[in-house]
Amino acid sequence: MPQHFVTFNDLRPTDIWAIFERAAFLKAERAAGRFRRDHLGGRSVGMFFNKNSTRTRVSFECAITELGGQAVVLNIQDSQFSRGEPLSHSARVLSRYLSGLVIRTYKESDLQTLAQWASIPVVNALTDEQHPCQVLTDIFTFVERLGGRPLESQLVAWIGDGNNMANTWLEAAETLGFRLHMACPEGYDPDPATLARATAANPGVKLFRSPAEAAAGAHAVNTDVFASMGDEKEKAQRHKALAPYQVNAALMALAAPNAVFMHCLPAHPGEEVTDEVLESPASIVFDEAENRLHVQKALLERLIPAL
Ligand code: CP
Ligand code: NVA
């Protein structure tokens, strides 16, 4: 059975810390001009997208190239996926060509089906329910800033929509044991089963209605867009419900001294976060974006064993 990364807690804490150590090494190597490695040995990794992407697509494609492989990039609308070929067939066909499959689509259950049938690792590049590559990278980026302080002692705040990123932060808190205070408006809570599992496993996970309560004393303040991909029709009602959840200077002032601001990007300055916070020294959003490359290289090395 290949190891997949469909949901954040497919990885154990020991896997995660090993990935972080390797990502830090690969980042330093690249900074020293050593880009090229031969881990993939000419093998191909599929990258299939059913939603837009800038960071995920480019960072994975660069990662695959720099690891000595090639990316086969496909828009799902152009493939037989969108014409109803059973996923159980696609998974077995693709496993005959590829050494890994990175996929962004709507339903988490589609990734689970692919993973069930594929004999190659399946990596979740975002679904409506999860965004594990992003949260893995975000935690790596936060840990970089901690300068050796233990992650378990930190309080992370999530402010806004209980979306795919929020669900994945919950799984991360369940797996890694840091405190997580979320503030979501009524009707925009994260997935109830994911929340229940995280709160049962980690008493430091709490859901609030008040952004001020969730942000109080936080070492990292996280947010995301009001309307995720697929939620566009609900834009007006979401803006109304989520406007009081904007991360602005007043909210950041409630966080711990030297707290960081995090966002997976793309951001809508002036909506979920002010430009002032986004462009402030507290903001580590572009480090998060860069680190997608390094962390995903380490992830691919782990999931796709060397020849
Ligand atoms: N953060 C993120 O996944 O960005 P893209 O949608 O540009 O890939
Ligand atoms: N929650 C956002 C994340 C984008 C990277 C979305 O799903 O659109």
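Assorted remarks:
- Here's the picture: a label point sits 7 Å out from the Cα of Ala18 along the beta-carbon direction, and within region 262-302 the residues with their amide nitrogen under 18 Å of it are 295-302.
- Taking 7 Å steps out from each Cα toward its Cβ at Val58 and Ala256 produces label points 3.2 nm apart.
- Computed in the context of the full set of protein chains, the accessible area of region 209-261 at 1.4 Å probe radius has 57% of its extent on carbon or sulfur.
- Each Lys and Arg contributes +1 and each Asp and Glu -1, all at the Cβ; summed about the Cα centre of the chain, the dipole is approximately 840 debye.
- Between the listed residues Pro305, Asn52, Ile64, the Cα displaced farthest toward the positive end of the dipole of the chain, a dipole computed from Cβ unit charges relative to the Cα centre, is found at Pro305.
- Computed magnitude of the charge dipole of region 183-307 (debye, nearest 20; Cβ of K, R +1, Cβ of D, E -1): 380 debye
- Relative to the longest principal axis of the Cα atoms of the chain, helix 285-303 runs at roughly 40 degrees.
- Tyr97-Arg37 pseudo-label distance in nm [points 7 Å out on the Cα-to-Cβ vector]: 2.6 nm
- Distance in nm between pseudo-label sites at Glu279 and Glu186 (7 Å out along the Cβ direction from Cα): 3.8 nm
- Heavy-atom accessible surface of region 66-109: percent carbon and sulfur, 1.4 Å: 47 percent
- Sum of side-chain charges, Ser44 neighbourhood, beta-carbon under 15 Å (Lys, Arg +1; Asp, Glu -1): -1
- Nearest-ten-degree value, helix 55-66 long axis tilted from longest Cα axis of the chain: 40 degrees
- Rounded accessible area per residue of the chain, 1.4 Å, Å²: 42 Å²
- Angle in degrees between helix 13-31 and the longest Cα principal axis of the chain, rounded to the nearest 10: 80 degrees
- In the chain, Cα pairs under 8 Å separated by at least six residues give a relative contact order of 20 percent.
- Expected 222 nm ellipticity per residue - DSSP helices of 4 or more, -39500 (n - 2.57), all of the chain, to 500: -12500 deg cm²/dmol
- With R₀ set to 35 Å, the beta-carbon distance separating His268 from Glu85 gives a calculated FRET efficiency near 0.45.
- For region 1-148, size of Cβ-based charge dipole, Lys and Arg +1, Asp and Glu -1, in debye: 360 debye
- When the surface is traced with a 1.4 Å probe over the full set of protein chains, Glu61 keeps roughly 60 Å² accessible.
The values are calculated or read from the model by the stated rules, or taken from the named source; none is laboratory data. Note that this is a predicted model, so its numbers are computed, not measured. Quick reminder, even Gly has a Cβ in these numbers, built from the backbone with ideal geometry, and neighbours come from all protein chains shown. Please note that ligands, DNA and RNA were not included when accessible areas were found on the heavy atoms of the full protein model with its side chains. Shrake-Rupley method; radii C 1.70, N 1.55, O 1.52, S 1.80 Å.
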